[in-house]
1. Could you grab me the full set of residues in segment 258-285 that are out of contact with any Gly (no Cβ under 7 Å at 6 or more places or on another chain), under 27 Å from Ala46 (Cα atoms) and of a type in the set (A, V, I, L, M, F, W, C)?
2. Quick check, is Asp66 in contact with a Pro (Cβ under 6 Å, 6 or more places away or on another chain) and of a type in the set (D, E, K, R)?
3. Listed residues Glu147, Glu167, Glu157; which is open to solvent by 70 Å² or more (accessible area, probe 1.4 Å), within 23 Å of Ala101 (Cα to Cα) and of a type outside the set (Ser, Thr, Tyr)?
4. Have a look at Ile74, Ile112, Ile70 and point out the one that is at pLDDT below 90 and of a type in the set (Val, Ile, Thr).
5. Give me the pairs, please: first residue somewhere in segment 52-80 and touching a residue at least 40 places away in the same chain (Cβ under 8 Å) and among the hydrophobic types (A, V, I, L, M, F, W, C), second residue anywhere and part of a loop (DSSP other than H, G, I, E, B) and open to solvent by less than 30 Å² (accessible area, probe 1.4 Å), beta-carbon distance under 7 Å, and either six or more positions apart or on two chains.
6. Going residue by residue through segment 183-191, is there one that turns out to be at pLDDT 95 or above and within 18 Å of Thr108 (Cα to Cα)?
7. Taking segment 61-99 as the search range and keeping residues that are part of a strand (DSSP E or B) and touching a Gly at 6+ places or on another chain (Cβ under 8 Å), which one is least open to solvent (accessible area, probe 1.4 Å)?
8. Can you find, within segment 282-302, the residue that is farthest from Gly72 (Cα to Cα) among those that are outside any strand (DSSP E or B) and open to solvent by 30 Å² or more (accessible area, probe 1.4 Å)?
Amino acid sequence: MEAWDFLFAGGALYNNLDYSFVAGHERGDFTFPKDQPGGGTRSLRAQLGFLAEVMRTFNLARTRPDTTFIRGGIPPGMSAEALVEGDRRRAIYLRPASLSAQFSVRWTGQLIAPATGDFVLRTTSNDGVRLSLDGKEVIGNWTDHSETEDRVTVRLEAGRPVAVKLEYFYGGGQGVMRLRWTRPDGVTEAIPSATLHHGAGKPGLAATYFSGTQLQLGPQVLERADAQVDFAWGTDGFLGRQTAQRLKALQLELPAGRYLAEWYDPAGPKSLGREEFTHEGGVRTVPARQTGDEAVLRLERR
C-alpha cells in the first residue's frame with residue numbers, strides 16, 4: 001500500500017528491502033520471526049511486481065500525478081491518487097484514507113516515582129522522539145528511523161513530581177511509540193498510569209495530536225488524555241484505519257475518445273474485469289469493481 005501511495009503521488013524511487021532473501025535461502029523462502037521487521041513473501045513480491053508492471057505502461061517523462069479529473073464517487077474513508085499521461089493513459093489507486101497519514105504528538109504532565117533510586121527510562125519509537133524532564137532534554141532522536149530503543153538513566157525521588165514532555169512524529173512505516181522504565185528493583189514495564197498525572201492530579205498524560213510531522217496546529221488536531229504511552233499503531237495512524245463505504249462508481253472528466261477501462265485488486269493481484277466505451281467528452285460515470293480494501297482503475301484511450 002505504501003508503495004502504490006508513494007509512486008502514484010509522484011515519488012521518484014521506492015525500494016522495499018525483502019528479508020525473506022538471506023544466505024541459504026536464495027529463493028526468498030526464509031520464514032522470519034514475527035518480531036523481526038522487514039516483511040517479504042512471494043505474495044508481497046507479486047504485488048510489487050504488478051505495481052512495477054503498471055508503472056511501465058506509462059511514458060514517465062510525460063506522466064504527472066493529477067487527481068483533478070476525478071469529479072466524484074470517492075466514498076468517505078477512502079482516498080485516491082492518480083497518474084496521467086497526457087490524454088492517452090490514466091490510472092487511479094484507491095485505498096483506506098488513514099493509511100500512512102503522517103502525524104505528530106506531544107504528551108505533557110508529571111511523573112511521580114514510587115521509590116527513590118536510579119530509573120532507566122526507555123523510549124521505543126518509529127519515527128522521531130524527544131523526552132524532556134523538568135525542561136531538560138534527556139533523550140533526543142528526532143530522526144526518521146526504524147523501530148529503535150533509546151534509554152537514559154535518571155535519579156528519581158519517591159513522591160517528587162517531575163515535569164514530563166514527550167514528543168513524537170510518524171513519517172511512515174510501522175508507527176510505534178512506547179515509554180517504559182526499568183525500576184530500581186529490576187522490573188521493566190510501561191510507565192504505569194498511576195505514576196503519571198496531568199491537570200489537577202488526573203491520571204495519565206495530556207496528549208495533543210497534530211496532522212503532519214512538525215507539531216503544528218492543523219485540520220486533524222485531537223486533544224485527549226492517554227493513560228500510558230504504549231502504542232503500536234502500525235500503518236493505521238492514531239485514529240485507526242477509517243472504515244470506507246463501498247466504492248460504487250467514479251465520475252471522471254475525460255476527453256472524447258474510445259476507452260478501455262480495467263479494474264484490478266492489487267492485493268491479489270488479479271483482474272476484476274474490463275469494459276470498452278466511447279465517450280463524447282465531459283464527465284463520465286465509470287461503474288466500480290472492488291473486492292478488498294484497495295482498487296486500481298487503468299484507463300487507456302485508444
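The values are calculated or read from the model by the stated rules, or taken from the named source; none is laboratory data. These numbers were taken from a predicted model, which means no experiment stands behind them. Reconstructed Cβ throughout: ideal geometry from the backbone, glycine too, with neighbour counts over all protein chains shown. Note: areas computed on protein heavy atoms with side chains; ligands, DNA, RNA excluded. Shrake-Rupley method; radii C 1.70, N 1.55, O 1.52, S 1.80 Å.
1. Result: Leu260, Ala261, Leu272.
2. Answer is no for this residue.
3. Only one candidate passes the filter, namely Glu147.
4. On the way: Ile112 fails: at pLDDT below 90; Ile70 fails: at pLDDT below 90.
Answer to the selection: Ile74.
5. Met78/Leu247
6. yes
7. So the first thing to find is which residues in segment 61-99 are part of a strand (DSSP E or B), and the list is 63-65, 70-72, 78-85, 89-96.
So of that shortlist, the ones also touching a Gly at 6+ places or on another chain (Cβ under 8 Å) come out as 64-65, 96.
Details: Arg64: 116, Pro65: 68, Pro96: 7 Å².
For segment 61-99, the residue satisfying everything is Pro96.
8. Taking segment 282-302 first, the residues outside any strand (DSSP E or B) are 288-294, 302.
From the residues that got through so far, the ones that are open to solvent by 30 Å² or more (accessible area, probe 1.4 Å) too are 289-291, 293, 302.
Values: Arg289: 16, Gln290: 17, Thr291: 20, Asp293: 19, Arg302: 24 Å.
Ranking the candidates gives Arg302 first.
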